[in-house]
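Structure, as structure tokens:
The values are calculated or read from the model by the stated rules, or taken from the named source; none is laboratory data. All values derive from a computational prediction rather than experimental measurement. All Cβ positions, glycine included, derive from the backbone under ideal geometry; neighbour counts span all protein chains shown. Just the protein is used for accessible areas: all its heavy atoms, side chains included, with ligands, DNA and RNA removed. Shrake-Rupley method; radii C 1.70, N 1.55, O 1.52, S 1.80 Å.
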Amino acid sequence: MAVVAELTLQSNNFPLGDLLTTGTDIHIEFERVVPVGSRVVPVFWAWGDDLSDFEARVRDGPYVNDLTELDRVDDRVLYLMDWDIPDEAFLEGLQETNSIIRTAEGYDDEDWLFELLFPSYDDLSEFHNYSLENDVKYTLGRIYTLREVGKSRPALSLTEEQREALLLALQRGYFSTPSRVTLDELATELDISQQALSERIRRGNESLLEQTLLGADDDKRE
């Protein structure tokens, strides 16, 4: 039975993430990363900062063959990357277990958040053992089956960074009308950029709304 596992991966264990985000204000959200034979094909959204400079920097990457723009929605661009897989234990572990990255997102040098699809619990266990043997450090979150996803959406958890940002914004009156604090003031208090804080609040609100509204609709249908 296929299972989904959520995990947080340190950025230094994900060189592809470093290539895409380190030293920039670019936010990356993978649409999917699918192993195809001996290849891994990344499709991802990027937004923020100067995308022209981002494209040039990625194309100059040591293992990137090409970067193709697939679509553009407002300030977001969907890319397909053709690349030669580097010596990267995390992705090699996915290949070994025939697994798929359903979603992933990262920003600058923060930890990456992943939702991985494994063909079975045994494959998840094999991936875990492979990671231990190759010193890939991650924090495992929720594990659930696709059948559970179909019956009722599992509660969407907030990351610690999202929870911290939303709680501070609420306590300082950011959501009041009129707002009692600016986004820039909150970002200074958290010692992060205004754009990074904006993304944390947006993603946190999105998770809470999906959990509340979509989950409530499912309960009513049952």
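Assorted remarks:
- Options SER179, SER198, SER207; residue that is open to solvent by less than 70 Å² (accessible area, probe 1.4 Å), over 18 Å from THR24 (Cα atoms) and under 22 Å from the mean Cα position of the chain (by Cα): SER207
- Residue check for GLU210: assigned to a helix (DSSP H, G or I), among the acidic types (Asp, Glu) and at pLDDT 85 or above: no
- Counting only strands (runs of 3 or more DSSP E) that sit completely within region 40-118, those holding 2 or more residues that are of a type in the set (Val, Ile, Thr) and touching a helix residue (DSSP H, G or I) at 6+ places or on another chain (Cβ under 9 Å) correspond to 100-107.
- Set TYR138, TYR63: member being over 28 Å from SER207 (Cα atoms), aromatic (Phe, Trp, Tyr) and surrounded by 13 or more Cβ atoms within 10 Å (Cβ to Cβ): TYR63
- Within region 119-143, tally of residues that are under 15 Å from ILE100 (Cα atoms), part of a helix (DSSP H, G or I) and hydrophobic (A, V, I, L, M, F, W, C): 2
- Residue match in region 70-79 (condition: surrounded by 20 or more Cβ atoms within 10 Å (Cβ to Cβ), modelled with pLDDT of 85 or more and over 25 Å from LYS137 (Cα atoms)): yes
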